[in-house]
1. Which members of segment 251-271 meet the condition of being at pLDDT 50 or above and part of a loop (DSSP other than H, G, I, E, B)?
2. Take residue 144 and decide whether it is modelled with pLDDT under 80 and buried (at least 18 other Cβ atoms within 10 Å of the Cβ).
3. Within segment 318-339, identify whether any single residue is assigned to a loop (DSSP other than H, G, I, E, B), outside the structural domain of residue 61 (by TED's automatic domain parsing), under 27 Å from residue 179 (Cα atoms) and modelled with pLDDT under 95, and answer yes or no.
4. Here are 344, 348: which of them is out of contact with any strand residue (DSSP E or B) (no Cβ under 9 Å at 6 or more places or on another chain), under 15 Å from residue 304 (Cα atoms) and either assigned to a strand (DSSP E or B) or in contact (Cβ under 8 Å) with a residue 12 or more places away in the chain (or both)?
5. Any idea which of 180, 235, 212 is farther than 30 Å from residue 86 by Cβ, buried (at least 18 other Cβ atoms within 10 Å of the Cβ), out of contact with any helix residue (DSSP H, G or I) (no Cβ under 6 Å at 6 or more places or on another chain) and modelled with pLDDT of 90 or more?
6. So is residue 375 modelled with pLDDT of 95 or more and in contact with a strand residue (DSSP E or B) (Cβ under 7 Å, 6 or more places away or on another chain) or not?
7. Being farther than 22 Å from residue 176 by Cα and out of contact with any helix residue (DSSP H, G or I) (no Cβ under 6 Å at 6 or more places or on another chain) is the requirement here; does residue 371 meet it?
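The values are calculated or read from the model by the stated rules, or taken from the named source; none is laboratory data. Bear in mind the structure is a predicted one, so any value in this text is a computation, not a measurement. Here the Cβ is made from the backbone with ideal geometry for all residues, glycine too, and neighbour counts use every protein chain on show.
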C-alpha cells in the first residue's frame, strides 16, 4: 500500500484565494474494504512556553494572569487557523450501492481521487460557529455527529470545542513561519485519511506541507508625509596650539614642531543627520527600503565632514503567547553594511541651514532578504518590525589622517544610531481589485469586512395581510411612522450560544457580517493571474520537515 499527494502546478508558495488542487494516488497490492477517504486542508499556529520556576520574575517571560501550570511545566496553545474537509470517496457511484457494513471494495491497483480547495482570507479559529461544527459541540448536523465512532464514518475530526476555550482574533491568515524550536511555528498541510473498517485495522494517513504567504491589506493613500529620526552632533574643538596645516607629509622635525598659535582653534563642524521614511512606514518584502538620508549644516565651519560607514538593520520582534505567558524573540537582518566609504557631507562653503541629500546608492539596490515574513497578528503569535541605522562620520579626510602619526592630524570619528520604532512589512501581493471595490468597512487589524445589504421584507398578498389569525403578519409601518424600539441585546457567551425555537429565523441585526468567502463567494479569482511572477519567500526551511514543537501531554 502507498499513498501519494500530487499538487497541480504547485508554486513556491500559496496565498489567499488561491485554488489548491491535486490528486490523491492510492496504490493497493490487493483488494481492500475502504470506508471513506477524506482530504483535509489544515493550518496550525502552535506556541509553547515554560512556566517560570519561581512563580515570579523570569528573564524574557512575563505573565498577566496566575501561572497556568506548576513551575517548570510547559504549556502550549494550538490554534487551527485553517481547517477544511473534503470527502473524495465514496463517490455517487459507490454510495448508490447499499452496503450494510459501511465500506466499499477497491480492487488491487492504483486509484486516483481529485480534490480542490480554495484558501480563505481570515483564520477559521475565530469563528465560534464554524468551530462548533467540528466534533465536540457539533451536535446534530455537525461534522462530529456523522456515522462511526469519531464522526464522518470513522474518520477522526478535529474537536472544535477546544478552540472555543482559547482567545482568538479575527485576522488574515498568517504566513508560514519556523525558526523558533520548541517555542513557536506556523505550518500548513494537506492531509489524507483512508478509513478502514474493523477493530484490528488502523487508518492510513499521509500529509504534505506547503508554504503560505498572505496578501497585503489595502495600502493607505500616498500623502507625501514622512516619519523621521534625526540626531544632531558636534565635534570637540581641537586643543590650542595644534598645527593647522602640515607643510609636508614627510616634513622635518623642526617643521612639525613649528606651531601656528594665532589664537582660537577653528570652529568645530556641527551637522544634523535625519533619516526619513514615508508615513505610514511600510516596507515591502523583496524590495529595497524607501529611505532618505539628509545632512543639515548647523554652524559655520571651514572643515569637511565625511560619512565613513553605513549599516541598516531590520529588527523583527516576535511575540509568543501561551495561556497568559508572553515572550519576545528578536531577529536581526543586515540589509546593507559598508565600512570603507568616504562621502563628503555639507561642503565648507555651504551656508548654515542648508540640507544635503545623501545619495541612496548604498541601499537602493539592496532588497529585504527573502526570509523576512510580513507583519502579522494571529491568536497566539504576532510579528512587528523596527529599523535601526548606524552611521559613522569623520572630521577631516579619513584617508589622509590614516597616513600620519601626528595626533593633531588624526580624524575624529562619531557613530550615530538612528531608530524607527515601528514599521510594517507587507508581502507585496496586492489584493484583487474586486475585493477592494467590495470593501465597506476597515477594521483596526486591517481586515476588510463586507457587510450584507439590508434584507427586503417578504412579498405578501392583500388577502394574506388582511386575513386574521395567529399566522397573520403585523401591518407594515407607514413612511412617516416610527417603528417600535428594538430591545437591547444581552451579551452572548460564545461557549453557550442562544438557542432558537425550531423554524425561527433571527433578525437581520443578529446576523454577524459575512466573511470574505461569504461575500465574494467562489467566483473571485486570486491575486495572481499568471502574468506576474510570485516573489521569493523562504519563511520555512523545509515545509515537510517534522515539527519541532514539544509533544502534547
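1. Initially, segment 251-271 is screened for residues at pLDDT 50 or above, giving 265-271.
Hits for segment 251-271 are 265, 266, 267, 268, 269.
2. It is true that residue 144 is modelled with pLDDT under 80 and buried (at least 18 other Cβ atoms within 10 Å of the Cβ).
3. Looking for residues that are assigned to a loop (DSSP other than H, G, I, E, B), outside the structural domain of residue 61 (by TED's automatic domain parsing), under 27 Å from residue 179 (Cα atoms) and modelled with pLDDT under 95, one finds at least one in segment 318-339, hence yes.
4. On the way: 344 fails: out of contact with any strand residue (DSSP E or B) (no Cβ under 9 Å at 6 or more places or on another chain).
Unique residue meeting the criteria: 348.
5. Just a single option satisfies the conditions, and that option is 180.
6. Details: modelled with pLDDT of 95 or more: yes; in contact with a strand residue (DSSP E or B) (Cβ under 7 Å, 6 or more places away or on another chain): yes.
Considered against the rule, which asks whether it is modelled with pLDDT of 95 or more and in contact with a strand residue (DSSP E or B) (Cβ under 7 Å, 6 or more places away or on another chain), residue 375 comes out as yes.
7. Spelling it out, it is not the case that residue 371 is farther than 22 Å from residue 176 by Cα and out of contact with any helix residue (DSSP H, G or I) (no Cβ under 6 Å at 6 or more places or on another chain).
Results for (1) assigned to a strand (DSSP E or B); (2) modelled with pLDDT of 90 or more; (3) over 26 Å from residue 539 (Cβ atoms), shown as yes or no for each residue.
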{"residue": "416", "(1), (2), (3)": "yes, yes, yes"}
{"residue": "419", "(1), (2), (3)": "yes, yes, no"}
{"residue": "425", "(1), (2), (3)": "yes, yes, no"}
{"residue": "435", "(1), (2), (3)": "no, no, no"}
{"residue": "455", "(1), (2), (3)": "no, no, yes"}
